[in-house]
Structures are given as C-alpha cells and as structure tokens.
Amino acid sequence: MSRICKIFNTREKFPDYINRKPGGLLACGSMMKTISTIRTGEASSYIRKMCKHFSVKVPATYTETEGRVQFPFGPCSMQADKDALVIAIEVENNEAAERAEGVIVSHLVKFAWREELDIQWKRTTEVQ
C-alpha cells in the first residue's frame, strides 16, 4: 500500500513523485496503470463471468458494459463495447503489474476457451 503523507502546508512545494489524493492527502510514490485492449465480440460476457468469479473472494461489481474488481494489488476496471474488451489495472510497481496481468490473463483464457485472444499489456505511469 502507498504511504500517505498529510499536507500541513499546501503552499509548500512537493517533489514530482508525490501524487495528490482526495481529501487533502498525498500518496508518496507514483502509481502505474497497466492496460489491455482485447478484440472480441464477447466482451460483455467475459466481464460478467470474471466479476462473478472474482466476487467470491474480493469485492466486484458489473453491468452489461463495465465491471470493477478490487484486488489486493489494486483496482481493476473493465469496459466492453461491441468488438473489444478494455481492462485497466492500477498498481504500485512492476511486480504488482506482473501479478495483476497474470491473474487476469489466466482467468480470461479459461473463460474464453472458444476463441484465441490476443492480450497485450501497456504500462503507463499515472499521476493524478
């Protein structure tokens, strides 16, 4: 988990590696986002199946076009449209990104056994 640094003087200059969080708190250290856009006509079905499956152990919600799972390594959001599934996971470091990607890929492959998916991940540094 990120260390949280309380702001005592909001006029003080903070280093670039500190990200502003809601409620006047700063999280020390940058967060990463790992994103994959997967071409499939079954995106809505995969969101439903994965969220139902993950909800046994972690909080998960879904609708026909989006899903959210709160994993221990970070939150995961899924968006479906008619020809793609977009998965975005917020993590603290490369190790957590690898773990998150592995969890999603291993489960998605099981649920998508009827088709071969091309799953490519792109990692970005998120500063919000």
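Can you pull out the residues in the stretch 51-98 that are of a type in the set (Phe, Trp, Tyr) and within 11 Å of the chain's Cα centre (by Cα)?
Within the stretch 51-98, Phe71, Phe73 qualify.
Would you pick out the residues in the stretch 51-62 that are out of contact with any helix residue (DSSP H, G or I) (no Cβ under 8 Å at 6 or more places or on another chain) and not in a helix (DSSP H, G or I)?
Ser55, Val56, Lys57, Val58, Pro59
State whether the residues of the stretch 30-50 include one that is modelled with pLDDT of 50 or more, among the β-branched types (Val, Ile, Thr) and part of a loop (DSSP other than H, G, I, E, B).
Yes, the stretch 30-50 has at least one match.
Any residue in the stretch 73-86 that is more than 13 Å from Ser45 (Cβ to Cβ), in a strand (DSSP E or B) and hydroxyl-bearing (Ser, Thr, Tyr)?
Checking the stretch 73-86: at least one residue is more than 13 Å from Ser45 (Cβ to Cβ), in a strand (DSSP E or B) and hydroxyl-bearing (Ser, Thr, Tyr).
The values are calculated or read from the model by the stated rules, or taken from the named source; none is laboratory data. Not measured: the values here are computed from a predicted model. Here the Cβ is made from the backbone with ideal geometry for all residues, glycine too, and neighbour counts use every protein chain on show.
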